[in-house]
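Please read the structure below before turning to the comments.
Each value in this text was obtained by applying a stated rule to the coordinates, not by laboratory testing. Remember, it's a predicted structure, so these values are computed and weren't measured experimentally. Using ideal geometry, Cβ is built from the backbone for each residue, glycine included, and neighbour counts are taken over all protein chains shown.
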Amino acid sequence: MNRIIEKALGLQMNGFSQEALNIYQKAYKKEPTNLKICEYYGAALLETGHYNQARKLLKKVLDEKIEKPQVLNNLATVNRFLKRYNEALINVKSAIKFRPDYQDAWVNCGNIQNDIGNYQEAIKSYKKAVKLNPQDKEVYLVLAQTYLLNHEFDLSLDIYKKQKKLFHDVRFLIGELICYRAIKDYNKALSFADQLRQSFDNELMWFEWVQTLWMAKESKKAEEQAQIALKKFDHFPALDDMIKLMDDAKVS
């Protein structure tokens with residue numbers, strides 16, 4: 001049976017999630033009481049979005065009094081997606097209790113707290129995750145976003161500015177721009193957005209440039225730049241929506 005699980009895991013790692021799921025399903029039908037199969041099948045169901053089925057299998061593993069932080073963390077994710085937030089928090093906190101250095105569980109805990117608007121608690125969890133793995137750029141991104149949601153704009157901006165130098169990921173640049181707009185520093189926002197537009201010259205940065213012009217109440221220039229972008233990139237759904245917003249504002 002271990003060979004079957006290894007085969008399915010190999011398929012998952014190479015992007016063949018549905019094929020792996022089929023293998024787990026067949027194995028489970030043969031041995032429905034095999035907890036190892038339940039654990040891996042449940043994780044595969046989670047990965048492919050079958051949350052109710054995943055929940056049943058993962059709970060089955062835990063009902064056998066097996067203390068597995070990874071199973072608890074997976075169950076927390078399932079319950080989060082099913083909007084069973086109280087259960088999700090119980091699961092993830094249990095995972096952390098059994099394994100305090102479980103970075104994924106700390107991130108998951110932050111995500112759940114974020115979903116229910118407990119931003120301060122989410123921030124604490126993300127900061128713990130950063131300490132456990134300072135090289136994980138995704139945690140910096142969610143931490144900065146949560147500071148934004150909690151209106152702690154300076155702290156959010158500080159993360160975006162510092163980490164963009166380390167990770168060279170455009171999401172940190174966009175985050176920095178959003179912070180300038182959030183604090184209504186439109187001189188910086190316009191300068192930065194224009195710099196991004198010229199440096200990257202792609203659809204995303206043109207959209208951010210036009211949106212910044214619009215938020216800075218430079219409506220005429222925003223409309224002019226939007227038309228230039230449409231000619232430049234042809235198919236541009238996000239900008240189409242932006243232009244419709246501008247047109248609706250004129251009518252109202």
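Observations
- 25 °C / 0.890 mPa s Stokes-Einstein diffusion coefficient of the range 84-187, Kirkwood radius on C-alpha pairs, µm²/s: 174
- Using alpha-carbon coordinates, inclination of helix 69-81 to the longest axis of the chain, degrees: 50
- Helix 51-62 axis, angle to the chain major axis (alpha carbon atoms, nearest 10°): 40
- Label separation (Ala182 vs Ser17): 2.9 nm, computed from points 7 Å beyond Cα along the C-beta direction.
- Label-point separation in nm, Gln25 to Lys221, each point 7 Å along Cα→Cβ: 5.7
- Percentage, to the nearest whole number, of Cα pairs in the range 1-66 over 21 Å apart: 15
- Sparse-neighbourhood loop sites, trypsin sites (Lys or Arg not before Pro) in the range 136-215 - DSSP loop, at most 14 other Cβ within 10 angstrom: Lys184
- Calculated FRET efficiency, Glu67 to Phe167, Cβ-Cβ distance, R0 = 41 Å: about 0.70 to the nearest 0.05.
- The range 202-252: C-alpha pair distances exceeding 16 Å, %: 28
- Of the trypsin sites (Lys or Arg not before Pro) found in the range 203-252, those in coil by DSSP whose Cβ has at most 16 other Cβ atoms within 10 Å are Lys217.
- Volume per residue for the range 138-252 equals 110 cubic angstrom (convex hull of Cα atoms).
- Computed per residue of the chain from DSSP H runs no shorter than four, each worth -39500 (n - 2.57), the mean residue ellipticity at 222 nm is -26000 deg cm²/dmol.
- Across q = 0.14 Å⁻¹, the chain modelled as identical point scatterers on its alpha-carbon atoms has Debye log10 I(q)/I(0) values of -1.00, in the order of the q list.
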